[in-house]
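Peer 1: For reference, the structure I am asking about is given below.
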There are 2 protein chains.
Amino acid sequence: MSKLLIVGTVAFDAIETPFGKTDKILGGAATYIGLSSAQFEIDNAIVSIVGDDFPNTHLELLTNKGVNIDGIEIVKGGKTFFWSGKYHNDLNSRDTLETQLNVLADFNPVVPAVYQDAEMIMLGNLHPLVQLSVLEQVKNPKLVVLDTMNFWMDNAWDDLLKVIKKVDVITINDEEARQLTGEHSLVKAARKIEEMGPDYVVIKKGEHGALLFHEEQIFFAPALPLEEVFDPTGAGDTFAGGFIGHLVKTGDISFENMKNAVIYGSTLASFCVEKFGTERMETLTKQEIQLRLREFENLTQFDIELTPKKVR
Amino acid sequence: MSKLLIVGTVAFDAIETPFGKTDKILGGAATYIGLSSAQFEIDNAIVSIVGDDFPNTHLELLTNKGVNIDGIEIVKGGKTFFWSGKYHNDLNSRDTLETQLNVLADFNPVVPAVYQDAEMIMLGNLHPLVQLSVLEQVKNPKLVVLDTMNFWMDNAWDDLLKVIKKVDVITINDEEARQLTGEHSLVKAARKIEEMGPDYVVIKKGEHGALLFHEEQIFFAPALPLEEVFDPTGAGDTFAGGFIGHLVKTGDISFENMKNAVIYGSTLASFCVEKFGTERMETLTKQEIQLRLREFENLTQFDIELTPKKVR
């Protein structure tokens with residue numbers, strides 16, 4: 001079975017949306033990536049850090065879903081990373097209310113020996129130096145995917161450029177792509193990012209879908225139109241987990257198969273936003289995913305006869 | 001040959017975008033709809049009104065493209081409708097600088113006898129009472145498509161509801177759909193609009209594409225990612241022209257074929273925004289449209305094996 005190594009936060013989140021408010025619940029980029037990629041029945045493992053305030057039930061949830069947690073360090077007497085945020089009414093933007101780095105402040109990631117030969121690596125949102133450290137511990141991965149955010153552009157620019165240079169795929173949201181490149185046009189932004197290192201650029205546009213760029217090729221997947229988005233927290237990470245999960249499962253990193261990976265990512269993300277936090281991902285079944293893939297097909301596939309006849 | 005009757009403005013526009021500024025150039029909803037639908041080699045005709053300040057060259061352009069202009073009234077001593085606007089830097093919004101109704105203030109549309117049996121009607125943006133008057137002059141059209149905007153929601157609410165009740169398809173932008181229904185979710189908004197009359201609802205999201213709703217079915221077409229949008233003026237009307245042009249040409253008003261119509265609409269609109277005003281539409285060729293349809297196919301079509309095997 002192919003191995004996927006995930007690095008990122010495992011954390012507490014407190015979330016407020018127009019629909020309600022949570023106490024400290026399970027959160028973190030690696031958590032969402034792990035739960036999402038676990039749907040592909042691959043051998044995936046998380047490298048992260050928590051304090052001993054982190055409930056065993058959260059770790060058991062990951063284990064029960066098939067996620068290896070040997071690389072999650074538990075710091076005695078330490079406190080787990082905590083983020084709280086409040087979404088605006090349209091759910092397209094949010095304010096961070098509080099960030100407590102806690103044990104994350106001194107995180108030295110250690111990749112378990114059995115995952116040092118992982119075929120694919122998902123560098124979830126974290127300090128670029130932590131991401132780089134993980135990369136240095138793995139031998140010849142077939143594919144490395146990076147997710148990052150504006151915080152590191154503002155606070156660790158040089159380190160961020162170093163890690164961007166070393167990855168094959170970057171997933172980033174539209175405003176961050178613009179900030180990273182100074183280009184308003186996403187087509188131009190993607191081209192500039194490719195010059196920084198990655199061969200493939202995925203730009204996430206939230207409710208407006210996601211774009212995959214590779215040289216002159218572009219693929220687009222919409223977000224599924226939902227009656228109500230309940231809580232967008234983790235949607236981007238869930239997208240990334242679905243994207244790389246499909247690639248690990250199939251072992252095929254062609255552009256054609258990355259299109260499918262983007263569809264899987266969008267499909268998984270469409271579930272994530274239906275409930276608070278990880279709640280929906282905890283109960284998600286393969287049959288539900290299949291049904292929703294069909295919805296994506298109905299949503300986007302058409303049949304126009306082109307002249308000359310189309311060649312796939 | 002199937003007939004399409006178009007009603008809407010034929011006008012002067014003065015446009016300012018971050019890329020430049022025009023004097024009074026050819027504009028108007030019916031102009032864009034006419035130029036776009038003319039690409040389908042159908043028998044299309046415009047009902048509109050201009051002043052005698054309107055240059056013959058503009059009318060000849062329409063005629064040369066195959067658009068019948070017998071229904072364009074020329075008012076002696078009258079001045080043509082004039083709109084000027086300035087786009088914001090991201091081109092997603094604009095300010096109206098000036099609107100001169102001129103001859104449009106007293107427009108009583110007269111549908112030429114030979115178009116009173118037109119199979120399809122495109123009610124372009126105009127006062128709802130003018131749209132209703134056109135509808136009353138045609139016999140049993142197979143399909144009526146309505147385009148409207150927020151201005152009529154603010155200024156002619158009751159009349160607008162009357163015309164909405166009588167049409168089969170409405171095309172409307174996302175913010176306007178929200179204003180019309182008080183629903184933020186576009187899925188809910190579309191459902192409410194269907195309750196007002198139309199069987200099909202097309203919500204245009206500008207650079208974020210377009211959604212087609214019919215009962216429980218949804219189809220989505222992205223806007224083609226462009227390096228640069230030069231001038232969005234007329235894009236919505238050009239979309240509408242491509243949409244109904246394909247329906248008139250094929251005579252097929254099934255949901256499946258409306259999907260293709262949405263793709264044609266998006267394709268035509270993607271050209272419109274490449275240059276100022278109608279400039280790009282004036283030189284557009286069928287071969288260019290075919291090539292861009294292939295780009296849309298590459299952009300959106302994927303191939304995931306579903307279980308059980310998909311049935312189209």
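Peer 1: Could you please find all residues in segment B:52-83 being assigned to a strand (DSSP E or B) and either surrounded by 19 or more Cβ atoms within 10 Å (Cβ to Cβ) or β-branched (Val, Ile, Thr) (or both)? So that I can check it myself, show each step before the final result.
Peer 2: Narrowing segment B:52-83 to residues assigned to a strand (DSSP E or B): B:67-75, B:82-83.
B:Val67, B:Asn68, B:Ile69, B:Gly71, B:Ile72, B:Ile74, B:Val75, B:Phe82, B:Trp83 - these are the residues of segment B:52-83 that are assigned to a strand (DSSP E or B) and either surrounded by 19 or more Cβ atoms within 10 Å (Cβ to Cβ) or β-branched (Val, Ile, Thr) (or both).
Peer 1: A further question follows. So, of the residues in segment B:151-190 that are away from every other protein chain (no Cβ under 14 Å) and among the β-branched types (Val, Ile, Thr), which turns out to be nearest to B:Gln131 (Cα to Cα)?
Peer 2: Checking each candidate, the answer is B:Val163.
Peer 1: I've got another one for you. Can you tell me which condition A:Thr17 does not meet? The list is (1) hydroxyl-bearing (Ser, Thr, Tyr); (2) crowded, with 20+ Cβ neighbours inside 10 Å; (3) closer than 23 Å to A:Pro112 by Cβ, and all the others hold.
Peer 2: Looking at each condition in turn, A:Thr17 falls short on (3).
Peer 1: Got at least one residue in segment B:184-197 being aliphatic (A, V, I, L, M), under 19 Å from B:Ile121 (Cα atoms) and surrounded by 17 or more Cβ atoms within 10 Å (Cβ to Cβ)?
Peer 2: No; the residues of segment B:184-197 include none that is aliphatic (A, V, I, L, M), under 19 Å from B:Ile121 (Cα atoms) and surrounded by 17 or more Cβ atoms within 10 Å (Cβ to Cβ).
Peer 1: Next question. Return yes when A:Phe296 is more than 18 Å from A:Gly206 (Cβ to Cβ), out of contact with any Asp or Glu (no Cβ under 6 Å at 6 or more places or on another chain), within 9 Å of chain B (Cβ to nearest Cβ) and buried (at least 16 other Cβ atoms within 10 Å of the Cβ) and no when it is not. Can you show your working first?
Peer 2: On the way: more than 18 Å from A:Gly206 (Cβ to Cβ): no; out of contact with any Asp or Glu (no Cβ under 6 Å at 6 or more places or on another chain): yes; within 9 Å of chain B (Cβ to nearest Cβ): yes; buried (at least 16 other Cβ atoms within 10 Å of the Cβ): yes.
Here the answer is no, as A:Phe296 does not meet what is asked.
Peer 1: Regarding segment B:86-94, can at least one residue be identified that is modelled with pLDDT of 95 or more and not in a strand (DSSP E or B)?
Peer 2: no
Peer 1: Sort out which residues of segment A:214-232 are more than 9 Å from chain B (Cβ to nearest Cβ) and either over 15 Å from A:Ser270 (Cβ atoms) or assigned to a helix (DSSP H, G or I) (or both), and write them in order of number.
Peer 2: A:His214, A:Glu215, A:Glu216
Peer 1: In segment A:154-183, which residue that is under 17 Å from A:Val262 (Cβ atoms) and of a type in the set (S, T, N, Q) is surrounded by the most Cβ atoms within 10 Å (Cβ to Cβ)?
Peer 2: Looking at the filtered set, the residue picked out is A:Thr171.
Peer 1: Scan segment A:198-213 for residues that are closer than 16 Å to A:Val145 by Cβ, buried (at least 17 other Cβ atoms within 10 Å of the Cβ) and more than 8 Å from every other protein chain (Cβ to nearest Cβ) and report the count. Write out each step before concluding.
Peer 2: The first filter runs over segment A:198-213 and keeps only residues closer than 16 Å to A:Val145 by Cβ, leaving A:198-204, A:210-213.
Among the residues that remain, those that are also buried (at least 17 other Cβ atoms within 10 Å of the Cβ) are: A:198, A:200-204, A:210-213.
Right, trim to more than 8 Å from every other protein chain (Cβ to nearest Cβ) and you get A:198, A:200-204, A:210, A:212-213.
Looking only at that region, the number is 9.
Peer 1: Exactly one condition in (1) within 18 Å of A:Thr278 (Cα to Cα); (2) in contact (Cβ under 8 Å) with a residue 60 or more places away in the chain; (3) buried (at least 23 other Cβ atoms within 10 Å of the Cβ) is not met by A:Ile49; state its number.
Peer 2: Single failed check for A:Ile49: (1).
Peer 1: Go through segment A:233-263 residue by residue and tally those that are within 14 Å of chain B (Cβ to nearest Cβ) and either among the hydrophobic types (A, V, I, L, M, F, W, C) or in contact (Cβ under 8 Å) with a residue 40 or more places away in the chain (or both).
Peer 2: Start the filter on segment A:233-263 by keeping residues that are within 14 Å of chain B (Cβ to nearest Cβ), which leaves A:242-243, A:245-247, A:249-250, A:252, A:254-263.
Adding the requirement that they be either among the hydrophobic types (A, V, I, L, M, F, W, C) or in contact (Cβ under 8 Å) with a residue 40 or more places away in the chain (or both) leaves A:242-243, A:245-247, A:249, A:255, A:258-259, A:261-263.
Result for segment A:233-263: 12.
Peer 1: When you scan segment B:264-293, how many residues do you find that are within 13 Å of chain A (Cβ to nearest Cβ), in contact with a strand residue (DSSP E or B) (Cβ under 8 Å, 6 or more places away or on another chain) and hydroxyl-bearing (Ser, Thr, Tyr)?
Peer 2: 1
The values are calculated or read from the model by the stated rules, or taken from the named source; none is laboratory data. This is a predicted model, so every value here is computed, not measured. In this analysis, Cβ positions are derived from the backbone assuming ideal geometry, glycine residues included, and neighbour counts consider all displayed protein chains.
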